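The values are calculated or read from the model by the stated rules, or taken from the named source; none is laboratory data. Note that the structure is a prediction, hence the values are computed from the model and not measured. Using ideal geometry, Cβ is built from the backbone for each residue, glycine included, and neighbour counts are taken over all protein chains shown.
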């Protein structure tokens with residue numbers, strides 16, 4: 001079991017396929033089964049111990065992502081106890097971007113994002129300073145999961161007004177729409193994308 005601190009309130013815990021089989025004897029155990037609940041409690045305690053984030057004192061969001069190799073990645077995100085005030089423009093899409101120096105990491109990220117197609121409203125790919133910048137417009141409901149996926153494969157890229165202006169002025173737009181789908185389709189075709 002490995003624990004990676006992602007931010008001040010977020011942790012990723014990875015359980016290998018062998019460890020998962022040790023803890024969960026039912027191969028198709030539901031996330032709310034007693035075995036999985038006990039496993040999540042153990043993982044949460046380990047995450048709190050390693051990261052120092054007081055998960056036991058705050059509400060926690062738990063997200064489970066199962067990899068093709070049988071391993072399990074669990075994201076724990078702590079939230080403050082204070083209720084959020086309603087914000088104006090709540091229906092506006094969330095904008096996130098990540099910078100990739102490796103083409104293969106970009107393709108792997110897009111493969112993971114395919115499972116969250118209902119969350120990704122728009123995607124744009126640019127080349128900027130020898131790296132690729134993938135910019136996404138997201139629905140709020142799944143933005144946190146997509147953020148975790150982006151940060152697993154790439155580095156954060158700030159989409160501030162200056163960041164957007166730099167991309168527009170100095171970057172080269174490769175795909176101005178449907179970048180995730182187009183990257184995956186070019187990867188599977190006989191002519192790989194010329195990035």
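Tabulated values for the structure
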read-out	value
Check on residue 143, over 22 Å from residue 163 (Cα atoms), outside the structural domain of residue 10 (by TED's automatic domain parsing), assigned to a helix (DSSP H, G or I) and modelled with pLDDT under 90	no
Residue within region 31-38 that is outside any loop (DSSP other than H, G, I, E, B), within 20 Å of the chain's Cα centre (by Cα) and modelled with pLDDT of 80 or more present	no
Residues satisfying the stated conditions in region 8-18, i.e. surrounded by fewer than 18 Cβ atoms within 10 Å (Cβ to Cβ) and touching a residue at least 40 places away in the same chain (Cβ under 8 Å)	8, 14, 16, 17
Members of region 44-59 found to be in contact with a helix residue (DSSP H, G or I) (Cβ under 9 Å, 6 or more places away or on another chain) and surrounded by 13 or more Cβ atoms within 10 Å (Cβ to Cβ), listed by number	44, 47, 48, 53, 55
Unique match (being surrounded by fewer than 17 Cβ atoms within 10 Å (Cβ to Cβ), outside any helix (DSSP H, G or I) and modelled with pLDDT of 90 or more) among 121, 158, 127, 177	127
Residue match in region 91-101 (condition: more than 22 Å from residue 174 (Cα to Cα), outside any strand (DSSP E or B), touching a strand residue (DSSP E or B) at 6+ places or on another chain (Cβ under 8 Å) and at pLDDT 85 or above)	no
Odd one out for residue 7, checked against (1) part of a strand (DSSP E or B); (2) at pLDDT below 85	(1)
